[in-house]
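Undergrad: This is the structure, below, for whatever I ask next.
Bear in mind these aren't lab numbers, they're just calculated from the coordinates by the rules spelled out. In this text, all values refer to a predicted model and were calculated from it rather than measured experimentally. Every residue, glycine as well, gets a Cβ built from its backbone with ideal geometry; the counts of neighbours run over all protein chains shown.
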Amino acid sequence: MVSGRAWSSLLALLKVPRCGILWPQGNDIVEKADLRQRVSEIARILLPLWPNEKPLIHSSSCFELLCAVILSAQCTDDQVNAVTPALFSAYPNPRAMALADVEDVERLIRSVGFFHTKARHLVLSARKIMTEYGGKVPSKMEELLSLPGVGRKTANLVISSCFGAPGIIVDTHVSRLVYRLGLHDNRDPAAIEKKIRENLQKSRFTAFSHALNRQGKYICRARNPACLSDPSSCPLEKLCPRRGL
């Protein structure tokens, strides 16, 4: 965990002010007129601190990434990364996965949650990729959403990581952080994606998503957010109403 002193030194080096725009305290929701400015301020602070735009789940191709993100639903990145080497060794491409027996896939991913459903989705998605998309992972949102087990989080991650298109990836960490910051009044991923889309430059969608993900995963944790024990360890200390805490 990054200490408060380390954060202060890094913020000073990057010339990021500790004050910035002061957020309302308590459970207030940011007013619509101020939302764009405040989202921009959060991005200005977080993007230099979390510059890595690569997914934390391991993959070496678009198909592997698609499969890994399907597996990641209600599952940690570490759990996914533990099973994918054997899975991708056995089924390295859509053709191989399309020919797989679902029960064989289940045995390889048994340690992840909902493995029965996820194994079926992997095989059915691969078959659809083979029959409808020429054996290649599709690059359009609508086409990706037509694949079994693929929602907007998965589709946005694939189009941004594989095809360079701007994507807003709303996972559990992003949803939690947006709620605590008071930027939205619920944690519905589709609504959060829409809110960010309306209030941030398109060119920053992907980088902002990954920065929020890292901030939520490592600092604004679900059960033990850093601010509760050491407020100075969070770069958004002066900007956050700590909604729900």
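Undergrad: Tell me the relative contact order for the chain as a rounded percent, counting alpha carbon contacts under 8 Å between residues six or more apart.
TA: Taking the mean separation of contacting Cα pairs over the length of the chain, I get 31 percent.
Undergrad: So what J values fall out for region 82-87 if you push phi through Karplus, 6.51 cos²θ - 1.76 cosθ + 1.60 with θ = phi - 60°, rounded to Hz, Gly and Pro as x?
TA: 3J(HN,Hα) across region 82-87, in whole Hz: 6, 9, 5, x, 5, 4.
Undergrad: Could you give the angle, 0 to 90 degrees to the nearest 10, between helix 189-199's Cα long axis and the longest principal axis of the Cα atoms of the chain?
TA: Long axis of 189-199 versus the principal axis of the chain: about 50 degrees.
Undergrad: Then there is this: Mind jotting down the distance between the C-alpha centroids of region 97-171 and region 52-74, whole Å?
TA: So the separation of the two Cα centres works out to 10 Å.
Undergrad: Normalised by the number of residues in region 130-245, what is the relative contact order in percent for Cα pairs under 8 Å and 6+ residues apart?
TA: 23 percent
Undergrad: Arrange the following residues from fewest to most other Cβ atoms within 10 Å of their Cβ: Lys54, Lys194, Lys217.
TA: Numbers: Lys54 9, Lys194 14, Lys217 20.
Going from sparsest to densest Cβ surroundings: Lys54, Lys194, Lys217.
Undergrad: Sticking with this one: Under the Karplus relation 6.51 cos²θ - 1.76 cosθ + 1.60, θ = phi - 60°, what is the ordered set of whole-Hz ³J(HN,Hα) values for region 234-243, x standing for Gly and Pro?
TA: Once rounded to whole Hz, the list reads 9, x, 9, 3, 7, 10, 10, x, 6, 4.
Undergrad: Consider a paramagnetic label point 7 Å from the Cα of Gln37 along Cα→Cβ; state which residues of region 162-183 have an amide N under 12 Å from it.
TA: Counting only backbone N, you get no residues.
Undergrad: Another question about this same structure. Using alpha carbons only, how many degrees (0 to 90, rounded to 10) separate the axis of helix 62-71 from the longest principal axis of the chain?
TA: 70 degrees
Undergrad: Treating the angle as unsigned and between 0 and 90°, give the value, to the nearest 10°, between the Cα long axis of helix 32-49 and the longest Cα principal axis of the chain.
TA: The angle comes out at about 70 degrees.
Undergrad: Can you figure out the FRET efficiency of Leu245 with Arg44, using R₀ = 30 Å and their beta-carbon distance, to the nearest 0.05?
TA: The formula returns an efficiency of 0.80 here.
Undergrad: Test of understanding: in a Gaussian network model of the chain with alpha carbons linked when under 10 Å, which of Arg38, Arg187, Arg107 would top the mean-square fluctuation ranking?
TA: Arg107
Undergrad: In nm, what is the difference between 0.36 nm times the number of residues separating Arg187 and Phe163 and their Cα-Cα distance?
TA: Net length gain for the segment: 5.9 nm.
Undergrad: Using each residue's phi in region 115-130, evaluate 6.51 cos²θ - 1.76 cosθ + 1.60 at θ = phi - 60° and report the 3J(HN,Hα) Karplus result to the nearest Hz, with x for Gly and Pro.
TA: Computed from phi, the couplings for region 115-130 are 5, 4, 5, 5, 4, 4, 5, 4, 5, 5, 5, 4, 5, 5, 4, 5 Hz.
Undergrad: How much length would be gained if the chain were fully extended between Asn52 and Lys202, taking 0.36 nm per residue of separation minus their Cα-Cα distance, in nm to one decimal?
TA: Extra length available between Asn52 and Lys202 comes to 52.2 nm.
Undergrad: Enumerate the aspartates and glutamates that Lys202 could reach by cross-link, defined here as Cα to Cα under 17 Å, with residues fewer than 8 away along the same chain left out.
TA: In chain and number order, the partners are Glu41, Glu53, Glu193.
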